[in-house]
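Colleague: Before I ask anything, let me first share the structure, which is written out below as structure tokens.
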Amino acid sequence: MHLHRYEKIWLILGAGGLALFILLLCINAFAMGMAPPSNMTMIDPAKVTETPPFDNPGLTKVGEQEYDAYMTAFAFGFAPNKMEVPLGAKVNFHVTSPDVIHGFQIPGTNVNFMVLPGHISSATYTFDEPGEYLILCNEYCGAGHQVMATTIIVK
Ligand code: CUA
């Protein structure tokens, strides 16, 4: 089979790009330990509402200006329904789902992750600006997806 010279060059570039991409992916995953913000800690998704601390979702003060927020994302809402923290508070979010895959996004911040049943997804954010922050589900999860939201008030 005869291959044109340009065809060969493009084939090498294409395969080379792919090899480089896979190499970078492996370096990220194995050498730099990158992973999704979930699948590290797991609980039984059928028993979320009975498993502490998710049986009583809410804020716990863990430091001078630091809070742990244990939350559940379910069809169709978040628990707790509303939270309030002082200005400058650092909040460690730990979220899980008892039913289907949901999203957890706070628009205007870099908090944006998926919430999988049985997996505890975590993210930390420091609220340096006062206001009412919307927390919404950005993963289509059913008929009530568009109403699935809660707020965190910072003042
Ligand atoms: Cu939960 Cu969309």
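The values are calculated or read from the model by the stated rules, or taken from the named source; none is laboratory data. These numbers were taken from a predicted model, which means no experiment stands behind them. All Cβ positions, even for glycine, are placed from backbone atoms using ideal geometry, and neighbour counts span all protein chains on display.
Colleague: Quick one: count up the residues across the stretch 120-146 that are assigned to a loop (DSSP other than H, G, I, E, B), near the ligand (Cβ under 9 Å from one of its atoms) and buried (at least 17 other Cβ atoms within 10 Å of the Cβ).
Modeller: So the answer is 3.
Colleague: Continuing with this model, one more query. Quick one: Ala149 ticks every box in (1) touching a helix residue (DSSP H, G or I) at 6+ places or on another chain (Cβ under 9 Å); (2) near the ligand (Cβ under 10 Å from one of its atoms) except a single one, so which number is it?
Modeller: With (1) touching a helix residue (DSSP H, G or I) at 6+ places or on another chain (Cβ under 9 Å); (2) near the ligand (Cβ under 10 Å from one of its atoms) applied to Ala149, the lone miss is (1).
Colleague: Based on this model, can you work out whether Gln65 counts as surrounded by fewer than 20 Cβ atoms within 10 Å (Cβ to Cβ) and either under 18 Å from the mean Cα position of the chain (by Cα) or within 16 Å of the ligand (Cβ to nearest atom) (or both)?
Modeller: So Gln65 does not fit the description; no.
Colleague: Among the numbered conditions (1) outside the structural domain of Thr150 (by TED's automatic domain parsing); (2) loosely packed, with under 11 Cβ neighbours inside 10 Å, tell me where Pro52 comes up short.
Modeller: (1)
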